[in-house]
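Below: the structure, in structure tokens.
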Number of protein chains: 2
Amino acid sequence: MLLHSIKELREQRKEWKNLKVGLVPTMGALHEGHLSLIKKAKETCDKVVVSVFVNPIQFGPSEDYDKYPRTLDKDLELCNKEGVDIVFAPSPSEMYGEGNRLSNDTLTYVCPPFFYVNKLCGKTRVGHFDGVCTVVLKLFNIVQPDFAFFGQKDAQQVVIVRKMVKDLNVPIEIIQCPIVREESGLALSSRNKYLSEEGKKDALVLSKILNNIKSCYKKGVVDVAALKETAYSFLTDKHDLEYLEILNKDNLEEQKNADDNSIVLIACRVDGVRLIDNTYLKD
Amino acid sequence: MLLHSIKELREQRKEWKNLKVGLVPTMGALHEGHLSLIKKAKETCDKVVVSVFVNPIQFGPSEDYDKYPRTLDKDLELCNKEGVDIVFAPSPSEMYGEGNRLSNDTLTYVCPPFFYVNKLCGKTRVGHFDGVCTVVLKLFNIVQPDFAFFGQKDAQQVVIVRKMVKDLNVPIEIIQCPIVREESGLALSSRNKYLSEEGKKDALVLSKILNNIKSCYKKGVVDVAALKETAYSFLTDKHDLEYLEILNKDNLEEQKNADDNSIVLIACRVDGVRLIDNTYLKD
């Protein structure tokens, strides 16, 4: 069932009072990564809601909000195939009101802590995680799920959403699902659509760098600086590295020495497309 | 029943699944104003929770957090007399975690819009309404009430909480109750305890100024500047006026001419004690 209005969704939700409800929040352009979240939600819950909303307030002014792929018909088809109960696809004005300037002058925002935001993607995408937390909390309040499903691909996002849930006592359990990759190793992303064939090949360095760091770690290298150094042999002039960090996976604290609680995160622009990837050293 | 832990409260809440639950959030030091909220909650709901929590993050560094009156035994007695089902009195560490620095470096905050905050009490109490919205949303998520009751006395607070509820799609109805006054006209406040006998008399100017503005309005004066002018004849060197504003009651927009949607708000320091009061022009 496709719903566009908050009111309709709430009415439906009331009928599910005694059922376990799962929410998979997405921006659409669904791929196998999203489908893995949906499958997990179907396993865990009686009813599954997938939201499809390209959230304007998490895009910066120079980012790809207008260009971001919108494929609702195909998304619907995929959701139906997976047995999703509701696809919730509100308009921006349904979510933020008619004629509102989308800024903290006129709207209430949820602001995750500076310590979690001022690194990795948050450093270049100023305001991004305020926008993410705000829309996620809105969706939580609209759908009132028991469980919400997020992909490890956006690792900083999941850490920040978990932190929000804890700090604001949100009565929802967050379930994280592993990254889904192409056979080549490329992490699935809606933004992969922007890549040329050659770009797709160049994009493989992200997963290669992560795998190499992991194998060095498994061989006993723990010094973070040394582990990061290993990346440079993979990079060419096709790659514009934004960050490569090895941090504590739960609170994103810096580490001098990597350990089984470390996560390696990379962001790199390839072929003009900003890509991210990550891996846990323990896996 | 007195509960200190979030876990116990949530367990109790589960047993009320099919009942209408009301929350009256307070900082304790309960007076007749609070009791009017509790009475309204008892009328409206099957079960009533009163929270008693002096919220550190809504006090500025130079404000009266340590000095703020704490009278839990008396509060409990009053709540029992009113038939309150749960008094929820968490410690600061229960609410914000052990050893957390209470700042937006390390905690997720709810930030109401600048336009609503940058006036009236928000102008001098920097960060106050971020602290209020954050704790109110936490209490909402912990108690999951159907209704929450706030006093008109803190008029800017209610407007901002309503705005948060709307902006974040919080599934709770906010009910506002009128100001309760002493026979003298003085609006009840936990901070009245700080006043000397003479201070209490000097404090009457707040309600006198409001009443006079209202009676001028009823006689046909609508020019906001002229209405505000009428206040000065009441003020002496005992009064340190912080603000006197006439604004739209729903969105706190400035008005050139008062109308039936106007609210008059005053803050004044008397005897070293900061007091606030307000009235609707329509009443």
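Nothing in this text is a laboratory measurement; each read-out follows from the coordinates by a stated rule. Predicted, not measured: the structure shown is a model, and the values here were computed from it. When we count neighbours, we look across all protein chains shown, and the Cβ atoms used for this are built from the backbone with ideal geometry, even at glycine.
Per residue of chain A, what 222 nm ellipticity follows from adding -39500 (n - 2.57) for every DSSP H run with n ≥ 4, rounded to the nearest 500?
-10500 deg cm²/dmol
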With label points built 7 Å along Cα→Cβ from the Cα atoms of A:His31 and B:Lys123, find their separation and express it in nm.
5.2
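In peptide A:142-153, what is the residue-averaged number of other protein chain Cβ atoms found within 10 Å of each Cβ? Present the calculation step by step, with values, prior to reporting the outcome.
Working: counts 4, 1, 3, 0, 0, 0, 0, 0, 0, 0, 0, 0.
Taking the mean over all residues of the peptide, I get 1.
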Pairs of Cα atoms under 8 Å, at least six residues apart: use those to get the relative contact order of region B:2-177, whole percent.
29
Please state the relative contact order of region B:224-283 as a whole percent: Cα pairs under 8 Å, 6+ residues apart?
31
What are the nm distances, shortest first, from B:His31 to its equivalents in the other copies, labels at 7 Å along Cα→Cβ?
6.2
Antiparallel DSSP beta bridges within the protein assembly as shown, percent to nearest 5
55
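Which whole number gives the average count of other chain Cβ atoms within 10 Å of the Cβ atoms across peptide A:99-110?
Numbers: counts 0, 2, 2, 0, 3, 6, 6, 7, 10, 16, 11, 10.
Mean inter-chain Cβ contacts per residue within 10 Å come to 6.
How many percent of all Cα-Cα pairs in region B:43-115 sit more than 20 Å apart? Write down the numbers at each step before the final one.
On the way: 1284 of 2628 pairs.
The answer is 49 percent, as a whole percent.
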Along the Cα-to-C-beta direction of B:Ile174, a point sits 7 Å from the Cα; which residues of region B:1-35 have their amide N less than 16 Å from that point?
B:23-26
Values of log10 I(q)/I(0), in the order q = 0.06, 0.09, 0.10, 0.11 Å⁻¹, for the protein assembly as shown under a Debye, Cα-only, solvent-free model
-0.37, -0.77, -0.91, -1.05
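Could you please tell me the mean projected area of the C-alpha convex hull for region A:207-269, averaged over all directions and given in square nanometres to one decimal? Could the numbers behind the result be given before it?
Numbers: hull surface 16.4 nm².
Result: 4.1 nm².
For region B:139-230, run through the GluC sites (Glu not before Pro) and keep only the ones in DSSP coil with at most 16 other Cβ atoms within 10 Å of their Cβ. Display every interim value, and only then the final one.
On the way: sites: B:Glu173, B:Glu182, B:Glu183, B:Glu197, B:Glu198, B:Glu229; in loops: B:Glu182, B:Glu183.
Of the GluC sites (Glu not before Pro), the ones in loops of region B:139-230 whose Cβ has at most 16 other Cβ atoms within 10 Å are B:Glu182, B:Glu183.
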Would you kindly give the portion of the calculated P(r) for region A:1-89 that falls above 24 Å, as a percent of all Cα pairs?
21
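Which FRET efficiency value, to the nearest 0.05, is calculated for B:Lys201 and A:Glu63 with the Förster distance at 45 angstrom and r the Cβ-Cβ distance?
Values: r = 60 Å, r/R0 = 1.34.
Result of the calculation: an efficiency of 0.15.
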Any chance you could check the Cα centroid distance between region A:49-85 and region A:138-182 for me, in angstrom?
17
In 10 Å bins starting at 0, how do the alpha-carbon pair distances of region A:56-215 split up by percent?
8, 30, 40, 19, 3, 0
Region A:239-283 and region A:200-224 have their Cα centres apart by a whole-number Å value of 10
Ratio of the Cα radius of gyration of region B:122-269 to 2.2 N^0.38 Å, where N counts its residues:
1.15
If unit charges are put on Cβ atoms (+1 for Lys and Arg, -1 for Asp and Glu) and the dipole of region B:2-177 is taken about its Cα centre, the option from B:Phe150, B:Asn169, B:Leu137 lying farthest towards the positive end turns out to be B:Asn169
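In chain A, what percentage of the DSSP-assigned beta bridges are antiparallel, given to the nearest 5? Could you put the intermediate results ahead of the total?
Working: 20 of 38 bridges.
Looking only at bridges with both residues in chain A, the antiparallel portion is about 55 percent.
Treating the beta-carbon of each Lys and Arg as +1 and of each Asp and Glu as -1, no other charges, what is the dipole magnitude of chain B about its Cα centre, to the nearest 20 debye?
Details: 39 positive and 41 negative charges, 76 e Å.
Its charge dipole is roughly 360 debye.
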Where nothing but the Cβ of Lys and Arg (+1) and of Asp and Glu (-1) is charged, how large is the charge dipole of region B:79-142 around its Cα centre, in debye to the nearest 20?
360
For chain A, set up a Gaussian network in which alpha carbons nearer than 10 Å are linked by springs, and say which option among A:Leu72, A:Leu19, A:Leu241 fluctuates the most.
A:Leu19
For the pair B:Leu102 and A:Lys166, how long in nm is the line joining their label points, each one 7 Å along Cα→Cβ?
1.9
Any idea how far apart A:Asp240 and B:Phe234 come out in nm if each label point goes 7 Å out from Cα toward Cβ?
6.2
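Take the eigenvalues of the Cα gyration tensor for chain B, scale each by 5, and report the square roots as semi-axes in whole Å, largest first. Intermediate results must be reported in sequence, preceding the final value.
On the way: eigenvalues 208, 80, 77 Å².
Result for chain B: semi-axes of 32, 20, 20 Å.
Can you tell me the order of B:100-107, B:216-223 when each peptide is scored by its average per-residue count of other Cβ atoms within 10 angstrom, highest first? Walk me through the intermediate numbers first.
Numbers: B:100-107: 16.0, B:216-223: 13.2.
So the order, starting with the most tightly packed, is B:100-107, B:216-223.
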Neighbour-count order for A:Thr26, A:Thr44, B:Thr236, fewest beta carbons within 10 angstrom listed first:
B:Thr236, A:Thr44, A:Thr26
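What number do you get for region B:96-190 when its Cα radius of gyration is normalised by 2.2 N^0.38 Å, N = residues? List each step's numbers first, then the result.
Values: Rg = 14.7 Å, N = 95, 2.2 N^0.38 = 12.4 Å.
For region B:96-190, the normalised Cα radius of gyration comes out at 1.18.
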Tell me, in nm to one decimal, what length is gained between B:Glu15 and B:Leu2 on full extension, where the rule is 0.36 nm per residue of separation less the Cα-Cα distance?
3.0 nm
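Which helices count as membrane-span-like in chain B under these terms: full DSSP H, at least 20 Å along the axis by C-alpha, Kyte-Doolittle mean of 1.0 or more? Intermediate results must be reported in sequence, preceding the final value.
On the way: long enough: B:128-143 (22 Å, 1.36); B:204-218 (21 Å, 0.37).
Helix filter hits for chain B: B:128-143.
Averaged over peptide B:176-188, how many Cβ atoms belonging to another chain are found within 10 Å of each residue's Cβ? Provide the component values of the computation, followed by the final result.
On the way: counts 0, 0, 0, 0, 0, 0, 0, 0, 0, 0, 0, 0, 0.
Per-residue shielding by partner chains comes out at 0.
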